[in-house]
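Asker: Mind having a look at this structure? Questions to follow.
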Amino acid sequence: MAYVIAEPCVDVHDCSCVDECPVDCIYDGLRKGYTHPDECIDCGACEPVCPVAAIFRQEDLPAEWKHYAGIEREFFGTGVTGLGSPGGAVQVGQTDADHPALGSISAA
């Protein structure tokens, strides 16, 4: 996994990052965007356009948001959305789910 979208994205839905991603690996959940860990090519195009500074290289995640690396990976697994690796967010559209951990985060 190269880039992770952390807590500042919750309830923002700006999607500037989606427009910049050359491989369409940022998927839209109900409350935040999720970078697909196996589809991200580590190009960094998404990071500078994020208006809330929510996107980090995994190794640069602030300590309080380190768990978002797991949230991103788990979001695509069978236990949360079952999306697996669909190969592009455009064909999926907004999902009707979020990772369960987001339920404990207050609205922005």
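Asker: What are the residues in region 1-19 that are surrounded by 20 or more Cβ atoms within 10 Å (Cβ to Cβ), assigned to a loop (DSSP other than H, G, I, E, B) and touching a strand residue (DSSP E or B) at 6+ places or on another chain (Cβ under 7 Å), if any? Talk me through it step by step, then tell me what you get.
Answerer: Going through region 1-19, the residues surrounded by 20 or more Cβ atoms within 10 Å (Cβ to Cβ) turn out to be 3-6, 9-10, 17.
Imposing the further condition that a residue be assigned to a loop (DSSP other than H, G, I, E, B) reduces the set to 6, 10.
Result: Ala6, single match.
Asker: Going by the conditions given, is Arg57 surrounded by 12 or more Cβ atoms within 10 Å (Cβ to Cβ) and modelled with pLDDT under 95?
Answerer: Details: surrounded by 12 or more Cβ atoms within 10 Å (Cβ to Cβ): yes; modelled with pLDDT under 95: no.
So Arg57 fails the test.
Asker: Going residue by residue through region 56-64, is there one that turns out to be in a strand (DSSP E or B) and either within 13 Å of the chain's Cα centre (by Cα) or within 18 Å of Val4 (Cα to Cα) (or both)? Lay out the reasoning, then the answer.
Answerer: Step one: of region 56-64, the residues in a strand (DSSP E or B) are 56-57.
Next, from what is left, pick out any that are either within 13 Å of the chain's Cα centre (by Cα) or within 18 Å of Val4 (Cα to Cα) (or both): 56-57.
Yes: one or more hits.
Asker: Something else: Does Ser106 satisfy being in contact with a His (Cβ under 7 Å, 6 or more places away or on another chain), of a type in the set (S, T, N, Q), on the phi < 0 side of the Ramachandran plot and assigned to a loop (DSSP other than H, G, I, E, B)? Before you say what the answer is, go through the steps one by one.
Answerer: Values: in contact with a His (Cβ under 7 Å, 6 or more places away or on another chain): no; of a type in the set (S, T, N, Q): yes; on the phi < 0 side of the Ramachandran plot: yes; assigned to a loop (DSSP other than H, G, I, E, B): yes.
Judged against the criteria, Ser106 is not a match.
Asker: Still on this structure: If Pro22 passes every condition in (1) of a type outside the set (Phe, Trp, Tyr); (2) under 24 Å from Gln91 (Cβ atoms); (3) modelled with pLDDT under 95; (4) part of a loop (DSSP other than H, G, I, E, B) but one, which one does it miss?
Answerer: Unmet for Pro22, out of (1) of a type outside the set (Phe, Trp, Tyr); (2) under 24 Å from Gln91 (Cβ atoms); (3) modelled with pLDDT under 95; (4) part of a loop (DSSP other than H, G, I, E, B): (3).
Asker: For region 19-43, which residues satisfy the criterion of being more than 10 Å from the chain's Cα centre (by Cα) and more than 19 Å from Ile105 (Cα to Cα)?
Answerer: Asp19, Glu20, Cys21, Pro22, Val23, Asp24, Asp38, Glu39, Cys40, Ile41, Asp42, Cys43
Asker: Restricting to region 60-93, count the residues that are loosely packed, with under 13 Cβ neighbours inside 10 Å and under 17 Å from His13 (Cα atoms).
Answerer: Qualifying residue count, region 60-93: 2.
Asker: Of all the residues that make up region 25-53, how many are in a loop (DSSP other than H, G, I, E, B), small (Gly, Ala, Ser) and either under 13 Å from His99 (Cβ atoms) or touching a Phe, Trp or Tyr at 6+ places or on another chain (Cβ under 9 Å) (or both)? Steps first, please.
Answerer: Our first condition is that a residue be in a loop (DSSP other than H, G, I, E, B); within region 25-53, this holds for 25, 29-32, 36-46, 50-53.
If we keep only those that are small (Gly, Ala, Ser) as well, we get 29, 44-45, 53.
Among the residues that remain, those that are also either under 13 Å from His99 (Cβ atoms) or touching a Phe, Trp or Tyr at 6+ places or on another chain (Cβ under 9 Å) (or both) are: 29, 44.
Residues meeting the conditions: 2.
Asker: Same structure, new question: What are the residues in region 1-19 that are hydroxyl-bearing (Ser, Thr, Tyr) and either closer than 19 Å to Pro62 by Cα or at pLDDT 95 or above (or both), if any? Outline the logic, then answer.
Answerer: Step one: filter region 1-19 for residues hydroxyl-bearing (Ser, Thr, Tyr), giving 3, 16.
Hit for region 1-19 is Tyr3, nothing else.
The values are calculated or read from the model by the stated rules, or taken from the named source; none is laboratory data. Since the model is a prediction, treat every value here as computed from it, not as a measurement. Please note: Cβ atoms are built from the backbone with ideal geometry, for glycine as well, and neighbour counts cover all protein chains shown.
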